[in-house]
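Trainee: I have a structure here, written as structure tokens, and I will follow up with some questions on it.
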Amino acid sequence: MIKIVRRKTRVIKIGRVAIGGDNPVAIQSMVKCKTSQVAGAVKQIKELASAGCEIVRVAVKDSDDARAIQKIKERTALPLVADIHFNWRLGLEAIEAGADKIRLNPGNIYKRNEILPVVEAARKKRIPIRVGLNSGSLPPRKSSGPKEISDRMVEAAMGYIRLLEEFDFFDICVSVKASNIPDTLAAYRKIAARCGYPLHLGVTATGTPHAGIVKSAIAIGALLLDGIGDTIRISLTEKPQEEVKAAKCILEAVGIRSFGPEIISCPTCGRCEVDLVKIVTELERRLSTMDYRLGNRRLSARQPQVAVMGCVVNGPGEAAQADLGIAFGKDSGLLFKKGKPVRKVSSAHACGALLKEITSICSGRKHSSLP
Ligand code: SF4
């Protein structure tokens, strides 16, 4: 496998999570109810944490939202990022309430005398600021400025970064999200070449899960393969946990983080005589509740591959190449371990048998018992 060489960046800390440098690419998501609805926000953050989210962002639209940060932090453990637009004073209130990072949008908070107080407050609390550009809220274009969206985002981001540096502030993270893949890729590649700060990757407003995950996987996956990116958020018109699941899949597919055994399953066809979709779905569900605590490792600590194949055409071959595999016939399957056939199991007991074998392969790596 080709080795990904990560871009060298400064390291910043968002609460207890460090990003940039050699730190694992962190998974972010966002609370989707009003932040001042504390009970709802706390519930979502706990669900996000269970799904594997590592940093969570909340919208701060008014003072009630800003004040809610303190109450939310008392009841949750994830580092909290306050998303600030238009009103710089809300940034001050969010910092006072305990936000672990502030996101400022250069498209709507751009006056020097408004940015400086937020920088001073962030410095006092030793928290970073994300310079968060979106193609949909760019500062007005100067007549002499670039026309390309990606160039406009990069110019605006660099101008903001220079201002923060002028204020002697370097705890910076940057994002330049567009809603299409070419502009997103171009903007991130250009900003990566022009600054040494960690980058938060995302494609903005991608849509519903199918389209959103495909767009995000292409853009974020391509950047990660280039070694660009220190934290990611998959923006979906869906429950926030789905964003986290997609983020984990992308990181695993790129090969830079691992969250458990990798399932290889065939698409099934007319030759398949068992309900393979049911078996694989159940296996995936039960594996997702196992705690491998491997998300911070690189794939050099490779997780076992588990092949679940519908018939004898490719089944035995794939199953034999994986650490563990099963190739189904009619109502039963032949179990393979390290390429060797072990025994037959009925399709009804296949999921349980695979989980038992996975437990045995992972013993020593696994930290909690099977569900
Ligand atoms: S492994 Fe067998 S059942 Fe699965 S897609 Fe290939 S031929 Fe069809």
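The values are calculated or read from the model by the stated rules, or taken from the named source; none is laboratory data. This structure is a prediction, so every number in the text was calculated from the model and none was measured. As a convention, Cβ positions derive from the backbone with ideal geometry for all residues, glycine included, and neighbour counts pool all protein chains shown. Side chains are part of the model used for accessible areas, which takes the heavy atoms of the whole protein and leaves out ligands, DNA and RNA. Shrake-Rupley method; radii C 1.70, N 1.55, O 1.52, S 1.80 Å.
Trainee: Under 26 Å from residue 13 (Cβ atoms), of a type in the set (A, V, I, L, M, F, W, C) and either surrounded by 21 or more Cβ atoms within 10 Å (Cβ to Cβ) or touching a helix residue (DSSP H, G or I) at 6+ places or on another chain (Cβ under 8 Å) (or both) - does that describe any residue in the stretch 132-141?
Mentor: yes
Trainee: Could you please find all residues in the stretch 253-279 being more than 26 Å from the chain's Cα centre (by Cα), touching a residue at least 40 places away in the same chain (Cβ under 8 Å) and more than 8 Å from the ligand (Cβ to nearest atom)?
Mentor: 273, 274, 275, 279
Per-residue answers, yes or no, for (1) open to solvent by 10 Å² or more (accessible area, probe 1.4 Å); (2) assigned to a helix (DSSP H, G or I):
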position	(1), (2)
2	yes, no
7	yes, no
13	yes, no
23	yes, no
35	no, no
46	yes, yes
49	yes, yes
67	yes, yes
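Trainee: Are there any pairs, at least 6 apart or on different chains, whose C-beta atoms fall under 7 Å, with the first in the stretch 326-352 and in contact (Cβ under 8 Å) with a residue 12 or more places away in the chain and away from the ligand (no atom under 14 Å from the Cβ) and the second acidic (Asp, Glu) and not in a loop (DSSP other than H, G, I, E, B), and if so, which?
Mentor: The qualifying pairs are 337/357; 351/282.
Trainee: Also, I was wondering about something else. Which members of the stretch 305-325 meet the condition of being open to solvent by 10 Å² or more (accessible area, probe 1.4 Å) and either more than 10 Å from the ligand (Cβ to nearest atom) or aromatic (Phe, Trp, Tyr) (or both)?
Mentor: Matches in the stretch 305-325: 305, 320, 321, 323.
Trainee: Just the residues that are under 18 Å from the mean Cα position of the chain (by Cα), open to solvent by 10 Å² or more (accessible area, probe 1.4 Å), on the phi < 0 side of the Ramachandran plot and among the aliphatic types (A, V, I, L, M), please, taken from the stretch 168-220.
Mentor: 181, 185, 211, 213, 214, 217, 218
Trainee: Still on this structure: Looking at the stretch 51-62, which of its residues are assigned to a strand (DSSP E or B) and within 19 Å of the chain's Cα centre (by Cα)?
Mentor: If the condition is that a residue be assigned to a strand (DSSP E or B) and within 19 Å of the chain's Cα centre (by Cα), then 55, 56, 57, 58, 59 are the ones that fit.
Trainee: Just for the stretch 283-302: of the residues that are open to solvent by 60 Å² or more (accessible area, probe 1.4 Å) and modelled with pLDDT of 85 or more, which one is farthest from the chain's Cα centre (by Cα)?
Mentor: Top of the filtered list is 286.
Trainee: Mind checking which pairs have a first residue in the stretch 94-114 that is over 19 Å from residue 63 (Cβ atoms) and a second that is hydroxyl-bearing (Ser, Thr, Tyr), Cβ under 8 Å, 6 or more apart or different chains?
Mentor: Note: pairs meeting the criteria are 106/160; 107/137; 110/160.
Trainee: Would you point out the residue of the stretch 80-139, among those that are charged (D, E, K, R) and not in a helix (DSSP H, G or I), that is modelled with the lowest pLDDT?
Mentor: Among them, the one singled out is 111.
For (1) closer than 26 Å to residue 354 by Cα; (2) open to solvent by less than 10 Å² (accessible area, probe 1.4 Å); (3) modelled with pLDDT under 95, each residue gets a yes or a no:
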site	(1), (2), (3)
222	no, no, no
225	no, no, no
230	no, yes, no
234	no, yes, no
243	no, yes, no
261	yes, no, yes
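Trainee: Across the stretch 326-363, what is the number of residues that are within 14 Å of residue 308 (Cβ to Cβ), open to solvent by 20 Å² or more (accessible area, probe 1.4 Å) and among the aliphatic types (A, V, I, L, M)?
Mentor: Selection size over the stretch 326-363: 1.
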